[in-house]
Amino acid sequence: MLSGSSFIYTFRTLHTRLCSSYVKHARFLFDLKENDDACRQELQYGSFYLFHNLSPLFRNLGRSFCSPAVTTSDLKKILAGYGKDELIIEESVLIGSSGLGRAEFAIDLGSLDKSNLEKDFSGKFTELRKIAMQLTENELPLLAKAQSLLRWHADHQYCSRTGKPTQKNVSGSKRTCHTGGLIYYPQMSPVVIMLVSYKNRCLLARQNSYPAGMYTALSGFCDIGETLEETVRREVAEEVGLDVEFLRYSASQHWPFPNSSLMVACHATVQQEEISLNTAELESARWFTLGELEKALQWKQIPEKEKDGTAPIWVPPKIAIAHHLIQEWVQEQKANLQEDQ
Ligand SMILES: NC(=O)c1ccc[n+]([C@@H]2O[C@H](COP(=O)([O-])OP(=O)(O)OC[C@H]3O[C@@H](n4cnc5c(N)ncnc54)[C@H](O)[C@@H]3O)[C@@H](O)[C@H]2O)c1
Ligand SMILES: [Mg+2]
């Protein structure tokens, strides 16, 4: 067993090692983002995640799926067959770096024939949303980032001030309108998501577009000029007519569906039970007990309807930050109950 001081030493050494490799990684990516020549060079050795009109390529591994990372030389060979090797520079975006310290890129090959590409790369281009629940915790954020960045480039081909085409830098971290001297950077919309609670129950809601039986935490886009705290208070007032008394930050998540949002998750308490539902926004909202939420969290896939046609209550899967908030509240309630005993 380690003594106190050697434990601290080991922790510090480990921390320094982890930190220095993280710092190296961050500086490597910073250089590639800012320096076109360095990024062009790295494009020779990197790996590529392939997309077709924003759908990533997947290979079926029997019980799971993976999105293969293709090497530059394999990609070059195949693109040369289409007479399109220049796409590597024109269309690639930098999305990260591998554990081996090589850059990772994403490229959308939407201008080439989809079924031929699927044969060439032995996979299927599949909508990310359809397959998201089957991906690992590392794979989904990387593909979500790639898809969001590729979408942003596809949607920002022209300058909104001059109407002239914009040019991407090699890494894809920005686009420039050389006529107007304007630079555009990829954007995410800030969204708050809050699990509102009153005493020992919490509030979940549903919109009529949600799948049957699914309830989730309240959420809403930040209006321009608002702080996150103001958005939480306004959204809760607008959607269910309650006044937030206290709010506590929990975590955040990049959410790519349907567009790139930065989800900021928090717990909020109110001092009033009576809900006034805004039916223009929500189909239903109600208070849930600990027992009901424990049951709702148990579903690993969308539950079948009951014989009488009613849908069991379920909550978003682990990939959604709403799940994390609900899970956190359940754990806290259980800890409180134990303390009271
Ligand atoms: N990851 C998760 O756990 C999770 C859970 C719930 C919601 N979400 C996401 O949060 C987002 C916001 O949810 P909501 O529907 O409650 O928002 P909301 O309550 O603000 O209502 C949506 C409406 O806001 C308006 N709006 C204002 N700014 C907008 C913008 N920048 N982009 C799009 N619409 C804008 C539009 O009229 C839109 O119909 C959605 O994209 C949803 O997918 C994620
Ligand atoms: Mg909302």
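The values are calculated or read from the model by the stated rules, or taken from the named source; none is laboratory data. A quick note: this is a predicted structure, and the numbers were derived from the prediction, not measured. Virtual Cβ from ideal backbone geometry, glycine too; neighbours counted across all protein chains shown. For the accessible areas, the whole protein counts, side chains as well, though only heavy atoms, and no ligand, DNA or RNA atoms are used. Shrake-Rupley method; radii C 1.70, N 1.55, O 1.52, S 1.80 Å.
Given the condition farther than 24 Å from residue 30 by Cα, open to solvent by 20 Å² or more (accessible area, probe 1.4 Å) and part of a helix (DSSP H, G or I), answer yes or no: does some residue in segment 163-170 qualify?
No: zero hits.
Within segment 315-336, identify whether any single residue is closer than 22 Å to residue 134 by Cβ and open to solvent by 80 Å² or more (accessible area, probe 1.4 Å), and answer yes or no.
Yes: one or more hits.
Quick one: would you say residue 122 is part of a loop (DSSP other than H, G, I, E, B) and closer than 30 Å to residue 86 by Cβ?
Criteria met by residue 122.
Residue 46 passes all but one of (1) open to solvent by less than 20 Å² (accessible area, probe 1.4 Å); (2) in contact (Cβ under 8 Å) with a residue 40 or more places away in the chain; (3) touching a Leu at 6+ places or on another chain (Cβ under 7 Å); (4) closer than 23 Å to residue 28 by Cβ; which number fails?
Every condition holds for residue 46 apart from (3).
Return yes or no: is residue 267 open to solvent by less than 80 Å² (accessible area, probe 1.4 Å) and more than 10 Å from ligand 1 (Cβ to nearest atom)?
Spelling it out, residue 267 is indeed open to solvent by less than 80 Å² (accessible area, probe 1.4 Å) and more than 10 Å from ligand 1 (Cβ to nearest atom).
Report whether or not residue 251 is open to solvent by less than 40 Å² (accessible area, probe 1.4 Å) and not β-branched (Val, Ile, Thr).
It is true that residue 251 is open to solvent by less than 40 Å² (accessible area, probe 1.4 Å) and not β-branched (Val, Ile, Thr).
Specify the residue that is farthest from ligand 2 (Cβ to nearest atom); the eligible residues are those in segment 202-224 that are in a loop (DSSP other than H, G, I, E, B) and open to solvent by less than 20 Å² (accessible area, probe 1.4 Å).
213
Out of 154, 146, I need the residue that is in a helix (DSSP H, G or I), within 26 Å of the chain's Cα centre (by Cα), more than 25 Å from residue 318 (Cα to Cα) and among the hydrophobic types (A, V, I, L, M, F, W, C). Which one?
Testing whether each residue is in a helix (DSSP H, G or I), within 26 Å of the chain's Cα centre (by Cα), more than 25 Å from residue 318 (Cα to Cα) and among the hydrophobic types (A, V, I, L, M, F, W, C) leaves just 154.
Could you tell me how many of the residues in segment 288-309 are without any contact (Cβ under 8 Å) to a residue 60 or more places away in the chain, of a type outside the set (A, V, I, L, M) and open to solvent by less than 90 Å² (accessible area, probe 1.4 Å)?
Here the count works out to 4.
Please list, ordered by first then second residue, the pairs with beta carbon atoms under 9 Å, 6 or more apart or interchain, first in segment 313-336 and farther than 12 Å from residue 288 by Cβ and modelled with pLDDT under 95, second of a type in the set (Asp, Glu) and more than 13 Å from ligand 1 (Cβ to nearest atom).
These pairs meet every condition: 318/137; 319/137.
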